[in-house]
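S.K.: Got a structure for you, questions after.
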Amino acid sequence: MSAELFRLSAHETTARIRSGDTNAREVTESYLAHIESVEPKVDAYLDVWREPARARAEAIDAAIAAGQNPGPLAGVPVAIKDNLCTREGRTTCASKMLENFESPYDATVVEKLDAAGAVLLGKLNLDEFAMGSTNENSAVKVTRNPWDSDRVPGGSSGGAAACLAANEAAFTLGSDTGGSIRLPASFCGCLGMKPTYGRVSRYGLVAFASSLDQIGPFTKDAEDLALILAAIAGKDPRDATSADLPVPDYSSTMRDGVSGSRIGLPKEYFTDALDGEVGKQVDAALQALKGEGAELVEISLPHTEYAIAVYYIICTAEASSNLARFDGVRYGYRHPDAASVEDLYRLSKSEGFGLEVQRRILLGTYVLSSGYYDAYYLKAQKARGLLRRDFDEAFTRCDVIATPTSPTTAYKFGEKMDDPLQMYLGDIFTTSANLAGIPGLSMPCGLASNGMPVGLQLLGKPFDEAALIRTAYAYEKSGAPTLGPAPLG
Amino acid sequence: MEYEPVIGLEVHVEINSRSKVFCACLNNFHSPPNSNVCPVCLGMPGVLPVLNVAMVDASMAVGLALNCTISRWSKMDRKHYFYPDLAKSYQISQYDLPLCHDGYLDIEVDGASKRVGITRAHMEEDTARNTHTIGGGISGVDFNRCGVPLLEIVTEPDIFSADEAFAYLTALKQILEYLNVSDCNMEEGSLRAEPNISVRPKGSTTLGVKTEVKNVASFSGVRKAIEFEIKRQVKALDSGEAVVQETRGWDADRGITVSQRVKESAHDYRYFPDPDLMPVVVDDAWEERIRQSLPELPQARKRRFREDLDLSEYDAGVVGMTKDLADYFDAAVVAGAPAKQAANWITGEILATLAERKSDITACKMKPEALASMIGLIGDGTISGTIAKELLPDLIESGGDPKAIVEERGLVQISDSAELEELAQAIIRDHPGPAQEFRDGNKKAIGFLVGQAMKATKGKGNPKLINQILTDALSQE
């Protein structure tokens, strides 16, 4: 029986631990054994914390035995993207720059997972500093898609998506700057949510683009999204941009159904660029939701065509600033042969950062430069305001917006690496949510004929994650076909 | 050709809040190196700044004291450059929307009043401190200072001489001390003044090319540096050379400025709004709360001392020099001391005694109420001024109630006429020469005889009464 524990969702896992049906140690061992068996084919983890996880699981079991309540995620094994700071192990961002970096503190979400009783299994692969859409930009290794090992898991939270799809953790945490949770969730056939900007504290998330980054969960079902979002959300005095708003009880609002709910379909997203297979699955999912009582309405997001350009100006500008601190002086990679301070900076950055990271730092430096700031950064900020207004306007006519998460299913390795622009266009449906700060999730809605999962993206009003979770839950309960386990899971 | 200098001043003030501006680390200059540091001020990956509201309060107080407009909406920006003392490789500062702007400070130079425009006062964070071993080899960085709240106050180019710059700095420092927002210690770097200096043909309305002078460790250093720069620039222009826009360092030992220009290229700081921090939004109520909390400022106080308490210009200036001194004076007056006498004691004996001890009014154990009490004892004839002066060092050193001390030590003035008349006869007898002089019309001779009588009573005699009795005795003979 314990051989199957790793297949359980987080809410099933903690329920069975609480009921005494199993215990945290048994669950953890089940996952560690499964990691042992599939990890060589998936390569999602950068580091597995076997002994710390066992010790933690035993502590949870001891707390339960003593009659204490270890929290809503008691005994649930979790793994997190390696751009979240942990005192345990290293925090590398899959970069040579930080390959030996040990954080002196835990990210707020890590503290919250601890407080909720979760068992941390380790750290997951990503595109270096979360910059990429395939995980091919990791300086450490290539993570494979559990549905097809010739295909990418998506990025940048590719490790987190693949880990979950391969059942190497009950849930995982990633970060989403322009689609870095939703895209890999779509490619790997799991649920992934980017909460509203400000819903989850960013303290301890190594910043890529501060005004766009959000931490969010990958889960096996909608009920887990409700459970985990509630555990990690909330105002953090250490993050001035975190919102001082109450966190709803998503697990109860989840069951309210979608009857009468208006689902907006932006005409700009359903175009010829969309892969026919993807469109077919998305349409079937929408019909399933209609069957549950939702109303489908056409809407318009007229500034959609500018989203990618705006996104790549703002995210690179902020990245060039955020990554400036990696100078080899206090921590991180330090070139051994530097003869001067200028040399130290130049050599350490040139060798510590990978090509995509350097490309974005240079782009960002350019758009912030004197004489170019107004033409690029300032103009992009104005366009960002227009995109935000598009959503404000659209949400007067619908409660939730539904789109495909990605125009295509997962790419083959190398397919997009030669052409950064083609790669950037893969983010076309996801970046708008980050620019507008609104919540979004991707949920699996069937397989394309190539056997790869298709993702349905749901976008919501600011801080209305409840509507997204409710819609995802309604879809799961609609009787629509489920994906079943990934071949490598 | 005749030239006139045009000077603007940038002053950086470290605000003395308990903690740093973006983290909870202690803001303390005297701690051992790298002891007041945390992941935030060390610029570790993943950290976020949170603005210390105490910094906004203090900055607003300074802005209001300098007659600035307080922005209803301002923001924090990132200013980028690479240097080992800058943990994040950017400094959080305010670029185009400072918290305080468009103010002024009235100063006095050679008895004339002059208004210096304040362009802006903006909030930022201090950098760490680099130190290098003598002869090179090893450089160390102390991050205690990294993230210390810093207010930069910038004037208009309204200053036309080194003396005016000196007067501006003195007046500004006095205000900062009155507000108790900074230690204002130039040697420790909690106040740093950097003049921008240019010269232009007299009568011209356009500005000449300016230089900025750094590394000046005192106000008098600023005065000397400005004087040097004016001469240097005039000499250059007179000999047909151009003044180069550059940063120059003040070499106090040699009394000259030295070019610090490294490269021709100007810095591109790539300012942009810091996405980690919310805009600084100040409503009317917040501004009003700070306005209400402002103490009476130096100029207003000096005016009140002159106009309401009738002090001389000099006394009002000295008594109002620091807030502590002015508070002391005010408290003595409230306790019943006549203002002029209190001012005389403070500007005279008290400050002199404190100065001998290299101390200031904050170390004075004699409470303002005790000063009032002592002046009262002189007024009602209980003690003489001479006795009071003798008592003063002890009171300043150890405090206590003057009345109790006077009684305890038996210092009550002798005002018994019979006793003093007997003494007067003896003094006249023992000093026939001066007595005769007085009789012959030299009225000043009485001073000597009074002095002898005071000596004989060990200062306890009532000098007024003795004078009267001696005069009567010599006149009646």
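S.K.: Rounded to the nearest 0.05, what FRET efficiency do B:GLN292 and A:THR253 have when you use their Cβ-Cβ distance and R0 = 35 Å?
M.R.: It comes out at approximately 0.15.
S.K.: Enumerate the helices in chain A for which the Kyte-Doolittle hydropathy averages 1.0 or more and the C-alpha atoms extend at least 15 Å along the helix's axis, using complete DSSP H runs. All intermediate terms of the calculation are to be shown ahead of the outcome.
M.R.: Details: long enough: A:24-42 (26 Å, -0.33); A:50-65 (22 Å, -0.25); A:222-232 (16 Å, 1.87); A:276-291 (22 Å, -0.10); A:307-322 (22 Å, 0.97); A:341-352 (16 Å, -0.87); A:355-368 (20 Å, 0.69); A:379-394 (23 Å, -1.24); A:465-477 (18 Å, -0.25).
Taking the DSSP H segments of chain A (at least 15 Å long, mean hydropathy at least 1.0), we get A:222-232.
S.K.: Now for a different question. Counting only C-alpha contacts under 8 Å and six or more residues apart, can you give the relative contact order of chain A as a whole percent? Let's see the in-between values first.
M.R.: On the way: 1204 pairs, mean separation 88.5, N = 489.
Worked out over chain A, it gives 18 percent.
S.K.: Peptide A:321-333: average number of partner chain Cβ atoms within 10 Å per residue?
M.R.: On the way: counts 9, 8, 2, 10, 11, 3, 8, 1, 9, 8, 4, 1, 0.
The per-residue average across the peptide is 6.
S.K.: For the protein assembly as shown, what is the charge dipole size about the Cα centre, in debye to the nearest 20, if Lys and Arg each add +1 at the Cβ and Asp and Glu each add -1 at the Cβ?
M.R.: 640
S.K.: Another one. Which value in Å is the Kirkwood Rh of chain A over different Cα pairs?
M.R.: Roughly 22.2 Å, rounded to one decimal.
S.K.: Please sort by residue number the trypsin sites (Lys or Arg not before Pro) in segment B:408-450 whose DSSP state is loop and whose Cβ has at most 16 other Cβ atoms within 10 Å.
M.R.: Answer by residue number: B:ARG409, B:LYS443, B:LYS444.
S.K.: What is the distance in Å between the Cα centroid of segment A:56-98 and that of segment A:399-469?
M.R.: Here the answer is 28 Å between Cα centres.
S.K.: Here's another thing I want to ask about it. What nm distance separates the two modelled labels at B:ALA352 and B:TYR314, each placed 7 Å from Cα along Cα→Cβ?
M.R.: In this crude label model, B:ALA352 to B:TYR314 measures out at 1.3 nm.
S.K.: Separate question: Separation of segment A:310-346 and segment B:343-405 by C-alpha centroid, Å?
M.R.: Between the Cα centre of segment A:310-346 and that of segment B:343-405, the gap is 63 Å.
S.K.: Now a separate question. Would you mind checking which residues have amide H under 5 Å from B:LEU191's amide H? H placed 1.01 Å from N; only 5 or more apart, or other chain.
M.R.: B:GLU14, B:ASN185, B:MET186
S.K.: Spelling out what I want: for every residue of segment B:125-134, take phi, set θ = phi - 60°, compute 6.51 cos²θ - 1.76 cosθ + 1.60 (Karplus), and round to whole Hz; glycine and proline get x.
M.R.: 10, 6, 8, 6, 10, 8, 10, 10, 5, 4
S.K.: Then there is this: Taking other Cβ within 10 Å of each residue's Cβ, how do A:PHE326, A:PHE101, A:PHE270 sort, fewest first? List each step's numbers first, then the result.
M.R.: On the way: A:PHE326 28, A:PHE101 19, A:PHE270 16.
So the ranking, lowest neighbour count to highest, is A:PHE270, A:PHE101, A:PHE326.
S.K.: Tabulate in residue order the Karplus-calculated ³J(HN,Hα) for segment B:104-116, using 6.51 cos²θ - 1.76 cosθ + 1.60 with θ = phi - 60°, rounded to whole Hz; enter x for Gly and Pro.
M.R.: 7, 9, 8, 10, 10, 10, 6, x, 9, 8, 8, 9, 10
S.K.: Taking every DSSP beta bridge with both residues inside chain A, roughly what % is antiparallel (nearest 5)?
M.R.: So the antiparallel bridges amount to about 65 percent of the total.
S.K.: If you don't mind, there's one more thing I want to ask. Find the centroid of the Cα atoms in segment B:11-61 and in segment B:185-233, then give the distance between the two in whole Å.
M.R.: Segment B:11-61 and segment B:185-233 have Cα centres separated by 29 Å.
S.K.: A follow-up question, please. In deg cm²/dmol and to the nearest 500, what is the mean residue ellipticity at 222 nm of the protein assembly as shown if only DSSP H runs of at least 4 residues count, each as -39500 (n - 2.57), divided by the residue total?
M.R.: Details: 32 runs with 365 residues, N = 966.
Calculated at 222 nm, the ellipticity per residue is -11500 deg cm²/dmol.
S.K.: As an exercise, use a Förster radius of 35 Å and the Cβ-Cβ distance of B:ASN34 and A:GLU99 to find the FRET efficiency, rounded to the nearest 0.05.
M.R.: 0.90
S.K.: Give me B:ASP96, A:ASP275, B:ASP251 sorted ascending by neighbouring Cβ count inside 10 Å, so fewest comes first.
M.R.: B:ASP96, B:ASP251, A:ASP275
S.K.: Enter the mean projected area of the convex hull around the alpha-carbon atoms of the protein assembly as shown, in nm², rounded to one decimal.
M.R.: So the Cα hull casts an average projection of 54.2 nm².
S.K.: When only Cα pairs under 8 Å and 6 or more residues apart are kept, what is the percent relative contact order across segment B:296-408?
M.R.: Across segment B:296-408, relative contact order equals 23 percent.
S.K.: Pairs of alpha-carbon atoms within less than 8 angstrom and 6+ residues apart define the contacts here; what relative contact order does segment B:417-476 have, in percent?
M.R.: For segment B:417-476, the relative contact order is 41 percent.
S.K.: Between rounded, prolate and oblate, where does segment A:73-153 land on the alpha carbon gyration tensor, with a ≥ b ≥ c its root eigenvalues, rounded for a/c under 1.5, else prolate if a/b exceeds b/c? Intermediate values should be presented prior to the final figure.
M.R.: On the way: a/c = 2.74, a/b = 1.37, b/c = 2.00.
Oblate shape, in that a/c is at least 1.5 and b/c is the bigger or equal ratio.
S.K.: May I ask you to derive the FRET efficiency for B:ALA24 and B:GLN468 from their Cβ-Cβ distance with R0 = 51 Å, giving the value to the nearest 0.05?
M.R.: 0.15
S.K.: A further question on this structure: In terms of modelled amide H atoms, which long-range or inter-chain residues lie less than 5 Å from the amide H of B:PHE272?
M.R.: Close amide H contacts, sequence-distant or interchain: B:ARG78.
Each value in this text was obtained by applying a stated rule to the coordinates, not by laboratory testing. What you see is a predicted model; the values in this text were computed from it and never measured. Note: ideal-geometry Cβ built from the backbone for every residue, glycine included; neighbour counts use all protein chains shown.
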